[in-house]
Every structure is written in C-alpha cells, then in structure tokens.
Amino acid sequence: MPELPEVETVVRSLQKTIGGLTIERVTIRKTASVHPSPRQFSRQLRGATVAAVTRRGKNILIRLSTGDTLWVHLKMTGHFDFLPADAPTTKHDHVIFHFRGRDETLRFNDYRRFGRLRMYPTESIGKQRGLAELGPEPLEITADDFTQRLRRCRRMIKPALLDQTFLAGVGNIYADESLYLARIHPRRSTASISLPKARELHGHIQAILKRAIRLMGTSVDTFIGLNGQSGRFQKYLQAYGREGQPCRRCGAVIVRKAIGGRSAHFCPRCQRAK
Ligand SMILES: [Zn+2]
C-alpha cells in the first residue's frame, strides 16, 4: 500500500496537473468506488474547480470551489492517469474526470478495487471515520511530542509505528527502514526505549520520509505515480524486502519475521532484542 511519500508524490503531481481546472463532467464505470451515490457524486462535481490538492496521512484531499472535498484513498492498487481524452480506457479505469477547455481526462484506475473516492463538505470532512482518528503527521510532530507519545503507548514499537492513530502515514516500508537506522528491534517495547534513542528514531523517520519524497516514493509491490511513473527509493532500501541478504552495516543476514501480524525486516545483530 502506498505510504506517506508515495501519497505525497501523487498529491504533488495532481496539484500540478489538475490544480485550478474545472470539472465539466464525470464518468463512473465502477459505482462501488464512489460515495455518495454515483448520480449525486457526478452532480456535485460538475462545475467544481480544483482549489487545492493536499494530504493527510495516506489520504488525498482534493478541495473544491463548491465547498466539498473529494477524499481519495488509493488502498492497494489505486492510481491516477492524466491522458488525452481519446486515449483508450482500460477495464480498470473506474472513474473518469473531464475538464472544461482541456483535452486530457483524469482517470482513477484500480485493479484490486479497494480504492475509494468519497465526497463530503469541506467543513466536516475531518470528522469522518478514517480521518478523525488519525494521529499526528510524522513530518510535523516535534521530537519532544514524539518521545512522549512513544512512552505513553506501551506496546511493541513496530505495530505502534504502523498504527495510523499513533502516527499518520508510516507503513511497513518506512517503519522497517527507520527502525533499522535507529538500531531498534521491531519487537522492542516502546516504554523501554531510552529518550535519546527515541529522539534518534524521530530524526530517522523524518529524514527517511523526506528523502523518499525527493525520490518520488518506493516502487515495490504495486506503487506507481501519476501516469505510471515509478519511484526511486527502492534502490536505497536497507532492510525492507532484503531478507536473506547481508546487512550493509555488519554483514549478518537480514531476516523477515511476523510481528504484530505484519512482516518485519531487520538485522538480528544490529537490532538486538533486549
Ligand atoms: Zn547488521
């Protein structure tokens, strides 16, 4: 699933391509992808100008001139293409946006069909389930707030980092990479992590997310950006997806183990369990 840097990459591309454009009409080919009803969805979007495209955690928020916000979650395989209107559509192009005075259309394509496009009034969208309970943004939280939150939550560190109510936007890739850099075992209890170590982890999380944004995300599994563009961060992964390969710090073999129901990649020598 796309994580913060991947979603941020999509947000920036969308802002550049559709920011300021006015929607002329919308074609919905897979009705389950949208909320409210397809008819209402199309009606509310007609004539709306895209005011701003922003991100909250792994969610895309497209603010419209009409007082509504279109909330997009890409889930596993959702992505956008901005293509000439006469370019052939594919079976998985579920929603197509036509713009006033423009030849290109924006298509929401989703092979696995878990992605959702939902519309709510901008003033109340933050109260919707899925947005309301999100924790702080990892690039905005201070080191002090982060360490305090960590101390209070008293659970294994890896599941805590994946919990969107603890921190919004970090997923398996960047949790594994941050823990590797901070030399923290993924099973380690958050309460047992020393203050300096917690501050170090905060620094690594921020640095790695910023670097991944610069490299337009990590394209492993299924992530592609606008028009199929790949990210480049996968070249720099140190732990995630490297099971069976030597640790770049100490040469021990990177392992992959189920922790908290998800697979964690780590170096058993650099990241000792206490
Ligand atoms: Zn190592």
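Just so you know, all these numbers are worked out from the coordinates, no wet-lab data involved. Treat the numbers as computed from the prediction; the structure is a model and nothing was measured. Quick reminder, even Gly has a Cβ in these numbers, built from the backbone with ideal geometry, and neighbours come from all protein chains shown.
Per-structure values
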read-out: Extension gain (nm, one decimal) between M76 and S37, 0.36 nm per residue minus Cα-Cα; value: 11.8 nm
read-out: Cleavage-rule hits, GluC sites (Glu not before Pro), the range 85-177, DSSP coil, Cβ neighbours within 10 Å at most 16; value: E123, E133, E140
read-out: Rg over Rh [alpha-carbon atoms, Kirkwood Rh] for the chain; value: 1.02
read-out: On Cα atoms only, tilt of 195-214 relative to the major axis of the chain in degrees; value: 40
read-out: Fewest-first sequence of S194, S33, S178 by Cβ atoms within 10 Å of each Cβ; value: S194, S33, S178
read-out: Candidate lysines for bridging to K16, where Cα separation is under 16 Å - those fewer than 8 sequence places away on the same chain excluded; value: none
read-out: Modelled FRET efficiency - R0 22 Å, R100 with R29, Cβ distances, 0.05 increments; value: 0.55
read-out: The chain: calculated mean residue ellipticity at 222 nm from DSSP helix runs of at least 4, using -39500 (n - 2.57); value: -8000 deg cm²/dmol
read-out: Long pairs among K58/K257; K127/K257; K91/K158; K58/K91; K75/K127; K30/K58, criterion Cα-Cα beyond 27 Å; value: K127/K257; K91/K158
read-out: Helix 172-181 vs. the chain, principal-axis angle (Cα, 0 to 90°, nearest 10); value: 30
read-out: For the range 1-81, diffusion coefficient by Stokes-Einstein and Kirkwood Rh (Cα), 10 °C, 1.306 mPa s, µm²/s; value: 121
read-out: Footprinting exposure proxy for D86, D103 (fewest neighbouring C-beta atoms within 10 Å first); value: D86, D103
read-out: Cα→Cβ-extended label distance, 7 Å offset, between R46 and C250, nm; value: 6.5
read-out: Length gained when the stretch Q128-Y236 is fully extended (0.36 nm per residue, less Cα-Cα span); value: 35.3 nm
read-out: Ellipsoid semi-axes in whole angstrom, largest first, where each is sqrt(5λ) of the Cα gyration tensor of the range 31-158; value: 32, 17, 14
read-out: Gain in span if fully extended, S65 to R154, counting 0.36 nm per residue against the direct Cα distance; value: 27.7 nm
read-out: Helix 143-153 vs. the chain, principal-axis angle (Cα, 0 to 90°, nearest 10); value: 80
read-out: Residues M156, M119 arranged by fewest to most Cβ contacts within 10 Å; value: M156, M119
read-out: Rough spin-label spacing in nm, given labels placed 7 Å along Cα→Cβ, for T54 and N227; value: 2.7
